[in-house]
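The structure appears right after this line, and notes come after that.
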Amino acid sequence: MFQYQAKSATPVDRYVCSLSEETKKRAFEEIGETEELRQASLKEIRDWLLYNPRIEKCRMDSRAIMRYFRHHKYDLDCVKESIERTLIFREGLYGLDCFSNLDYERPNMQQLLDAGLVVVLPEYTATGERVICSKFSAANTKIPNVAITGMCLSAQILEILLEDEENQVRGFHYIFDVSDITIKHYFLLPFTTWFKLLKNCEVSSLFLCSLVPI
């Protein structure tokens, strides 16, 4: 592990599975995950990260990498692309710092949280997935930079949830409540920026969810 540490932003560890027996079975049935596959894939991706000249430093701890494997069903080519896209996001893609500066003390962050912009529901689905509800109209359009602050809030919540291996395997259901949206909400960012953000989120592992508009 020592050889990877110089390039890792976190302590490099040997993966020890913390999944429940039920989730282990689900991971095997749905994405073919086994202990041998985990260890072999971790070594290949860490070696790739170590010798990738485009990447100066990133997380190389097991839990951070495992989310990519599970998102892309161990397709390592897709994993590599996803890691690079995620790191580009964190460098301030399109001049936005909502993924590069995950500061919970940003101005108006608590106000958006209290308004219910993003809420993790207390109950799980029948098949065990977390449910995240987002009410877009809860973003007060009079708040400066509300779109950036709102996306930062969403990113922080998802980062916390994705530290749990159970969520990495099971994913999320995302309920996007678009009721009461005004024309001002649509213009919080240019349409081209919204499109690029959503497209890159789909490819990267920033969001592991099923979108359910209501």
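The values are calculated or read from the model by the stated rules, or taken from the named source; none is laboratory data. In this text the structure is predicted, and so the values were computed from the model without any measurement. All Cβ positions, even for glycine, are placed from backbone atoms using ideal geometry, and neighbour counts span all protein chains on display. Side chains are part of the model used for accessible areas, which takes the heavy atoms of the whole protein and leaves out ligands, DNA and RNA. Shrake-Rupley method; radii C 1.70, N 1.55, O 1.52, S 1.80 Å.
For segment 34-91, which whole-number percentage of the solvent-accessible area (1.4 Å probe, protein heavy atoms only) is attributable to carbon and sulfur atoms?
Carbon with sulfur: 51 percent of the solvent-accessible area.
If you plug each phi of segment 3-8 into the Karplus form 6.51 cos²θ - 1.76 cosθ + 1.60 with θ = phi - 60°, what whole-Hz ³J(HN,Hα) values come out, in order, with x for Gly and Pro?
5, 7, 4, 4, 9, 8
Would you mind getting me the FRET efficiency between residue 34 and residue 178? Use the beta-carbon distance for r and R0 = 45 Å, nearest 0.05.
Calculated value: 0.65.
Under a 1.4 Å probe, what is the accessible area of the chain per residue, stated in Å²? Mind dumping the intermediate values first?
Working: 11580 Å² over 214 residues.
Counting only protein heavy atoms, the per-residue value for the chain is 54 Å².
Would you work out the charge dipole size for the chain about its Cα centre, treating the Cβ of every Lys and Arg as +1 and the Cβ of every Asp and Glu as -1, and quote it to the nearest 20 debye?
Here the chain has a charge dipole of around 520 debye.
Run the 1.4 Å probe and let me know the accessible area of residue 13, rounded to the nearest 10 Å².
That residue has around 60 Å² of solvent-accessible surface.
Name the residue farthest towards the positive end of the dipole of the chain from the options 198, 23, 167, assuming +1 on Cβ of Lys and Arg, -1 on Cβ of Asp and Glu, about the Cα centre.
Projecting each Cα onto the dipole axis, the largest value belongs to 198.
To the nearest 500 deg cm²/dmol, what mean residue ellipticity at 222 nm is calculated for the chain from DSSP H runs of n ≥ 4 alone, each contributing -39,500 (n - 2.57), summed and divided by the residues?
Values: 10 runs with 103 residues, N = 214.
Taken over the chain, the calculation gives -14500 deg cm²/dmol.
What percent do you get for the relative contact order of the chain when only Cα pairs under 8 Å and 6+ apart count? Spell out each step's value before the answer.
Details: 271 pairs, mean separation 44.8, N = 214.
Relative CO of the chain lands at 21 percent.
Give me, ordered by chain and number, the residues 5 or more places off residue 172 or on other chains with an amide H under 5 Å from its own placed amide H.
Correct list: 209, 210.
Given the C-alpha centroids of segment 86-159 and segment 24-57, what is the distance between them in whole angstrom?
Result: 28 Å between the Cα centres.
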